[in-house]
Amino acid sequence: MTDQPEQTSNTMWGGRFAAGPDAIMEAINASIGYDRRLARQDIEGSRAHAAMLASVGILTDSDADAIREGLLTVLSEIEGGQFDFKPALEDIHMNVEARLKEVVGEPAGRLHTARSRNDQVATDFRLWVRDQCDAAETGLVALQKALLTQAEAGADMVMPGFTHLQVAQPVTWGHHMMAYVEMLGRDRGRFADARRRLNESPLGAAALAGTSFPIDRHMTAGALGFDAPMANSLDAVSARDFALEFLSASAICAVHLSRLAEEIVIWSTAQFRFVALSDRWSTGSSIMPQKKNPDAAELLRAKIGRILGAAVGLFTVMKGLPLAYSKDMQEDKEQVFDAADTLMLSLAAMTGMVSDMAPNADALRAAAATGFSTATDLADWLVRELNLPFREAHHVTGSLVALAERKGCDLPDLTLEDMRSAHEGITEGVFDVLGVENSVASRRSYGGTAPDRVREQIAAWRERLG
C-alpha cells in the first residue's frame, strides 16, 4: 500500500478541492527547491505589506508588529540554515507563511489580506533581479579597473591590430585594453537601464484586478525602494520583461567576456606568446607535462552558452502567454538564477585573469612589425606629401608591398631606390612613418591609438569610476 500524499497543499487552496495532489503533481507543482532564494525579498515585501495594512486600518498595530517581528525570526532561521523547507507547501511564500503562523499564531493568517501570490512573487522577483543588476554593476566596475591598470602599464606598448585575424595596423596594448573598458561601460548602461525600468512595484495588484481593500500601494512601493507602483494590475502580475531584459543584458555582457577570453586563449599560445597567464588561471595535462592550458579562459568563452540559453528559454516560456498570470511563469526563475550566478562567476574570473596576465612586450612589438602593418601609413604619406589621390596612393603602396614580398622583407627594409621604382616622387622622408612606434604615435585622432590619446581616455575613465 502506498503512502497517501500530505493534504497540506489542499489546505492552502481552501474548500475548492477535496483531494490532495499525487506525488508527481506535487513534484511538478512545487518550486521551493529553487525559489527559496527569494526568501529575503519575500520577507522584505511581507513586512512592508503588514506595515501598510496597519497604516490604513486593515490590521491592528499589535498584529502588524507581531507579524513583522515574526518574519524577522523566520528570516533568521532561513539565513542560519535552521529552516525546514517543505515541498508540500509548494513555494517560498507558503513556507514562510506557515512558519510565521507557528511563530506568532493567529495574526499570521491576516498577512495575506489584499494581496495574492501573483503580485507577491512578481514583487519578490523584481527585488531579486534589481539586486542582481546592482551586483553586475559592481562586478563590471572591478573588471574595468583591472583593464585600466593593464592599459596604463601598456599605453606605449606596441602590438599588432588585427582585422580578419590578420595583421592590419600597429596599435598599443593600452588601446586594446581600453576597447574592452568601453564595451563593459555599455554593459553597465544596459544593466542600469534595466534596473530603472523594472523599479516599479507590483505589490497590491493582487491576483490580477487589484483589490477592494483601501490599500496604499505608494507606501509599499516606497518602503521597498521602488519609484512607484505599477499602473496596471494585469500588467503588474504578468510582466516578466524585466527578467528578459536582465537576461539580454547578461547575454551581451557574456559575449564581450567571451571575445576577450578568446583573445587570451590565442595570445597565450606558443605561436603568439603575447601574454603569460599565472598558474592561478591555468591547468596542466594528465599526459603532457609541458602543457599549460588557459582553461579559465576557455570555460569563460563557453559561459555565453548557458546565459544565452537561459534568455532563449524564458523568451520561449513567455511568447504565447495570455494575460494575466499562468502557471507557466513558475518556469521563469531557474534560468534567471543560473544566468546571474554564471555571469557573476565569469566577471570575477575574468577580473582575476586580467589582473594577473603579463603581456610580452618584445613578442607584441615583433608581431606588430610583421605583415606590412605600416602600409596604410605609407599610403597616407603619399597623399599628404605628394598630393596623390588616395586611390592612386593605395595602388602605389600595393605595388611596394608586392615588391617587399618578392624580396622577402618588410616595407621599412626597402631601399629608397626600391620605393622610387613605384613612384619617382618618394623621398627619404617616407621612412619616418614606416616604424611601428611612429605609426601608433601618428594616430592622434579622437579615439585613436596614439599613447597620449590612450592616456587621456584612461584618465577620463578613472575619474568616471572613482
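The values are calculated or read from the model by the stated rules, or taken from the named source; none is laboratory data. Small disclaimer: the values here were computed from a predicted structure and weren't measured. Positions of Cβ are generated from backbone atoms using ideal geometry, with glycine treated the same way; all protein chains shown enter the neighbour counts. Heads up: the accessible areas ignore ligands, DNA and RNA and are worked out on the full protein's heavy atoms, side chains in. Shrake-Rupley method; radii C 1.70, N 1.55, O 1.52, S 1.80 Å.
General remarks:
- Heavy-atom accessible area order for Thr374, Thr316, largest first, 1.4 Å probe: Thr316, Thr374
- Expected 222 nm ellipticity per residue - DSSP helices of 4 or more, -39500 (n - 2.57), all of the chain, to 500: -20000 deg cm²/dmol
- For Asn293, the amide hydrogen comes within under 5 Å of the amide hydrogens of Thr283, Gly284, counting only partners 5 or more places away or on other chains and with H modelled in the peptide plane.
- With a Förster radius of 60 Å applied to the beta-carbon distance between Glu385 and Asp328, the computed FRET efficiency rounds to 0.30.
- The stretch 23-110: C-alpha gyration tensor shape, a/c 1.5 cut-off, then a/b vs b/c: prolate
- Sorting 333-345, 182-194 by average packing, meaning the other beta carbons within 10 Å per residue, from highest down gives 333-345, 182-194.
- Angle in degrees between helix 92-104 and the longest Cα principal axis of the chain, rounded to the nearest 10: 40
- Here's how it looks for Gly161: its modeled amide H is under 5 Å from those of Ala168, Gln169, Val171, which are all 5 or more places away or on a different chain.
- Each Lys and Arg contributes +1 and each Asp and Glu -1, all at the Cβ; summed about the Cα centre of the stretch 23-110, the dipole is approximately 140 debye.
- The stretch 300-434, dipole about Cα centre (Lys/Arg Cβ +1, Asp/Glu Cβ -1), debye to the nearest 20: 660
- Answer label, with volume of the Cα convex hull per residue in Å³ calculated from the coordinates and candidates (1) 179; (2) 215; (3) 195: (2)
- For the set Lys86/Lys327; Lys101/Lys327; Lys145/Lys303; Lys86/Lys303, the pairs lying more than 31 angstrom apart at their alpha carbons are Lys86/Lys303.
- Between Ala231 and Asn293, full extension at 0.36 nm per residue minus the direct alpha carbon distance yields a gain of 16.9 nm.
- For the stretch 130-228, the equivalent ellipsoid derived from the Cα gyration tensor has semi-axes of 48, 14, 7 Å, listed largest first.
- Peptides 208-219, 106-117, 249-260 ranked from most to least packed, by the mean per-residue count of other Cβ atoms within 10 Å: 249-260, 106-117, 208-219.
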